[in-house]
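S.K.: Have a look at the structure that comes next, please.
The values are calculated or read from the model by the stated rules, or taken from the named source; none is laboratory data. Quick caveat: nothing in here was measured; it's all calculated off a predicted structure. Neighbour counts run over all protein chains shown; Cβ positions are idealised from the backbone, glycine included. All accessible areas refer to the heavy atoms of the entire protein, side chains included, with ligands and DNA or RNA removed. Shrake-Rupley method; radii C 1.70, N 1.55, O 1.52, S 1.80 Å.
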Amino acid sequence: MPTAPAGTLYRGREGMWSWVAHRVTGVLIFFFLLVHVLDTALVRVSPEAYNAVIGTYQTPIMGLGEAGLVAAIVFHAFNGIRVILVDFWAKGPKYQRTMLWVVVGLFFVTMAGFLPRHLMNVFGGGH
Amino acid sequence: MAYGTAAVAKVDSPRSPYVRRKTTRGNYELYSWIFMRASGVVLVVLIFGHLFVNLMVGEGVHAIDFAFVAGKWANPLWGVWDLLMLWLAMIHGTNGVRTIINDYAQRDLTRGVLKSLLYTAFVVVVVVGTLVIFTFDPCPPNAPEELLASFCTA
């Protein structure tokens, strides 16, 4: 049996992995969206029903889930802008890798602004 | 003569427009590709605004309850904001998942079942969400006063 020639398996680089991450985050956000519209729809049932369900969003475990959800949204948003630039900006394909690191940088800056405040709301004194 | 009228008749009129695409399947995928980009830009603004107001301002997620929603939707801007966000996000997300199903579900039956479920979920969620925004009553009768926005009792 002949051995496979070495080094021919495409393992992707920044372009492929950002595409994978875009799909994964997109699907996660979509399933949350379905649940989120339906839980918000409880405002039409009664104030008690809505408050009971939204109360579960305010527990520490769900608070961590919200942090993950926001992280997925922030990456999908910034990487989506990058995809648009790759498609429509003449130099987009040339700078696609650079732009991914810009996306990653903006992601960390945005999360640094969001996480402390959100985690204080979730775990801090409050009520 | 070698070049009889029969051969000449097969040549298209020089005035007939050049048509590259010979099929008539439409430009659906092109429009869907454009929509993903156009709606994506708008959704970045709508969702970042939504997250900022609901999670960052004041006590964040702890402040959200029925009265909070009633207070927001008392301003028509937030009604329009949420309605636009609902429709754009649902179409954008449904179209994205449709692409993924087309990529990975190879059997016709599997693809058909998954897309039927997807489109059913789309219709249910968009209809329910739209009805809720348009028929919301911020001060429902018989509800405990302490759960309602202050403008219900004032």
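S.K.: Show me the helices of chain B, taken as full DSSP H stretches, that run 15 Å or more along their long axis by Cα and average 1.0 or above in Kyte-Doolittle hydropathy.
M.R.: Numbers: long enough: B:28-51 (32 Å, 1.38); B:76-104 (42 Å, 0.57); B:108-135 (40 Å, 1.68).
Passing helices, by number: B:28-51, B:108-135.
S.K.: Please compute the Kirkwood hydrodynamic radius of the protein assembly as shown from all pairs of different C-alpha atoms, in Å with one decimal.
M.R.: 22.5 Å
S.K.: For chain A, set up a Gaussian network in which alpha carbons nearer than 10 Å are linked by springs, and say which option among A:Ala52, A:Ala21, A:Ala67 fluctuates the most.
M.R.: A:Ala52
S.K.: Rounded to the nearest 0.05, what FRET efficiency is calculated for A:Tyr95 and B:Asn95 with R0 set to 25 Å and r the Cβ-Cβ distance?
M.R.: Numbers: r = 27 Å, r/R0 = 1.08.
Efficiency computed from Cβ-Cβ geometry: 0.40.
S.K.: Each residue of region A:68-81 in order: what ³J(HN,Hα) in whole Hz does its phi give by Karplus 6.51 cos²θ - 1.76 cosθ + 1.60, θ = phi - 60°, with x for Gly and Pro?
M.R.: Running phi through 6.51 cos²θ - 1.76 cosθ + 1.60 with θ = phi - 60° gives x, 4, 4, 4, 4, 5, 5, 5, 4, 5, 5, 5, x, 4 Hz.
S.K.: With a probe of 1.4 Å, find how much accessible area the protein assembly as shown has per residue, and write the answer as a whole number in Å². Can you show the working numbers first?
M.R.: Values: 17620 Å² over 281 residues.
Averaged over the residues of the protein assembly as shown, the accessible area is 63 Å².
S.K.: For peptide A:76-87, what's the mean number of Cβ atoms from other chains within 10 Å of each residue's Cβ?
M.R.: On the way: counts 5, 7, 1, 0, 8, 4, 0, 3, 5, 0, 0, 3.
Taking the mean over all residues of the peptide, I get 3.
S.K.: List, by residue number, every residue in region B:130-151 with a reduction of 50 Å² or greater in accessible area between the chain on its own and the complete protein assembly, 1.4 Å probe.
M.R.: B:Val132, B:Leu147
S.K.: Give me the number: length gained by fully extending B:Val80 to B:Leu30, i.e. 0.36 nm times residue separation minus the C-alpha to C-alpha distance, one decimal in nm. Before the final figure, lay out the partial values.
M.R.: On the way: separation 50, 0.36 × 50 = 18.00 nm, distance 2.80 nm.
Additional length available on full extension: 15.2 nm.
S.K.: Could you please state, rounded to a whole Å, how far the C-alpha centre of region A:1-75 is from the C-alpha centre of region B:39-86?
M.R.: Each part reduced to its Cα centre gives a spacing of 19 Å.
S.K.: Once neighbouring chains are kept in place and the probe is 1.4 Å, which whole percent of the accessible area of region B:26-152 is contributed by carbon and sulfur? Display every interim value, and only then the final one.
M.R.: On the way: 4850 of 6820 Å².
Summing carbon and sulfur atoms, their accessible area is 71 percent of the total for region B:26-152.
S.K.: I'd like the residues of region A:25-49 whose 1.4 Å-probe accessible area shrinks by no less than 30 Å² going from the isolated chain to the full set of protein chains.
M.R.: Relative to the lone chain, where solvent access is computed with a 1.4 Å probe, region A:25-49 loses at least 30 Å² at A:Val27, A:Phe30, A:Leu33, A:Leu34, A:Val37, A:Leu38, A:Ala41, A:Val43, A:Arg44, A:Pro47, A:Glu48.
S.K.: Quick check: pseudo-label points 7 Å beyond the Cα along Cα→Cβ at A:Arg13 and A:Val35, how many nm apart are they?
M.R.: 3.8 nm
S.K.: How many percent of the accessible area of region A:16-123 is carbon or sulfur, using a 1.4 Å probe? The partial results should precede the final answer.
M.R.: On the way: 4460 of 5640 Å².
C and S fraction of accessible area: 79 percent.
S.K.: May I pose another question? Take chain B, connect every pair of alpha-carbon atoms lying under 10 Å apart with a spring to form a Gaussian network, then pick out the residue of B:Ala143, B:Ala67, B:Ala121 with the largest mean-square fluctuation.
M.R.: Highest fluctuation among the options: B:Ala143.
S.K.: Can you pull the mean other chain C-beta count within 10 Å for peptide A:113-120?
M.R.: Values: counts 2, 5, 0, 0, 4, 5, 1, 2.
Taking the mean over all residues of the peptide, I get 2.
S.K.: With solvent modelled as a 1.4 Å probe, how much accessible area in total do chains A and B shield from it at their shared surface, in Å² to the nearest 100? Before the final figure, lay out the partial values.
M.R.: Numbers: alone 9380 and 11810 Å², together 17620 Å².
Looking at A and B, the buried total is near 3600 Å².
S.K.: Would you mind checking which residues have amide H under 5 Å from B:Leu148's amide H? H placed 1.01 Å from N; only 5 or more apart, or other chain.
M.R.: The list, which skips near neighbours in sequence, is empty: none.
S.K.: Then there is this: Quote the FRET efficiency, to the nearest 0.05, computed for B:Tyr18 versus B:Asn102 with a Förster distance R0 of 25 Å and r equal to the Cβ-Cβ distance. If you can, show how the numbers build up before the last one.
M.R.: On the way: r = 31 Å, r/R0 = 1.23.
It comes out at approximately 0.25.
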